[in-house]
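*Asks:* Would you mind keeping the following structure in view while I ask a few things?
Quick note: the coordinates plus some simple rules give every number you see, no bench work behind them. On a predicted model such as this, the values are computed, not experimentally measured, just so you know. Positions of Cβ are generated from backbone atoms using ideal geometry, with glycine treated the same way; all protein chains shown enter the neighbour counts.
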Amino acid sequence: MGKTAKAAVTCFVVVTSFAALAASAFEGVWKVKDTAGHPFEITLSSDGAAKATRGEGMTGTWKEEGNSAVITWNTGWTTKITKEGDRYIKAAYGKGQSLTATPTNTSEAKKAK
């Protein structure tokens, strides 16, 4: 391998390593409201785990998709936290409901930590 190829590979590895270490803007604790308007918190961890202070041990996984964090819960529900301009909106979708349908519930989402 020539010097130019080695330099290109080294540069790629360094850039890729920094990208892997970059934290998502969605990681942290979010204050939201449920369908009855009761406040609860959603925690999105760097390892892709999600948990909520609502219900009995609501847990799941999450991934970033464009300008949204999509959370798949152990209850069968799905939640999206989406950046819209300078604010975030939480949208909740019932078990089996498509993410292109009208959400069952929406509320403002504020990052607490």
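*Asks:* Using 0.36 nm times the number of residues separating residue 65 and residue 25, minus their current alpha carbon distance, what extension gain do you get? Walk me through the numbers on the way to the answer.
*Replies:* Numbers: separation 40, 0.36 × 40 = 14.40 nm, distance 1.19 nm.
Between residue 65 and residue 25, full extension yields an extra 13.2 nm.
*Asks:* Kindly identify region 24-111 as rounded, prolate or oblate by the Cα gyration tensor criterion: order the square roots of the eigenvalues as a ≥ b ≥ c, call it rounded if a/c is under 1.5, otherwise compare a/b with b/c, prolate if a/b is larger, else oblate. Numbers along the way, then the final one.
*Replies:* Values: a/c = 1.17, a/b = 1.06, b/c = 1.11.
Since a/c stays below 1.5, the shape of region 24-111 is classed as rounded.
*Asks:* Might you report the magnitude of the Cβ-based charge dipole of region 24-111 about its Cα centre, with Lys and Arg at +1 and Asp and Glu at -1, to the nearest 20 debye?
*Replies:* On the way: 12 positive and 10 negative charges, 33 e Å.
It comes to approximately 160 debye.
*Asks:* Please turn the phi angles of region 101-107 into ³J(HN,Hα) values with the Karplus equation 6.51 cos²θ - 1.76 cosθ + 1.60 (θ = phi - 60°), one per residue in order, whole Hz, x for glycine and proline.
*Replies:* Computed from phi, the couplings for region 101-107 are 7, 5, x, 5, 8, 9, 7 Hz.
*Asks:* Quick check: residue separation of residue 110 and residue 53 times 0.36 nm, minus the Cα distance between them. What number comes out in nm?
*Replies:* Numbers: separation 57, 0.36 × 57 = 20.52 nm, distance 1.50 nm.
So the extension gain works out to 19.0 nm.
*Asks:* Same structure, new question: Between residue 35 and residue 99, what FRET efficiency comes out of the Förster formula 1/(1 + (r/R0)^6) with R0 = 22 Å and r the beta carbon distance, rounded to 0.05?
*Replies:* On the way: r = 17 Å, r/R0 = 0.77.
E(calc), rounded to 0.05, equals 0.85.
*Asks:* For residue 80, what charge total do you get from the other residues with a beta carbon under 10 Å from its beta carbon, if Lys and Arg give +1 and Asp and Glu give -1? Mind dumping the intermediate values first?
*Replies:* Values: positive: 90; negative: 65.
Overall, the nearby charge balance is 0.
*Asks:* Peptides 100-111, 66-77: what's the order by average Cβ count within 10 Å, highest mean first?
*Replies:* Values: 100-111: 14.1, 66-77: 17.3.
Order by mean packing, descending: 66-77, 100-111.
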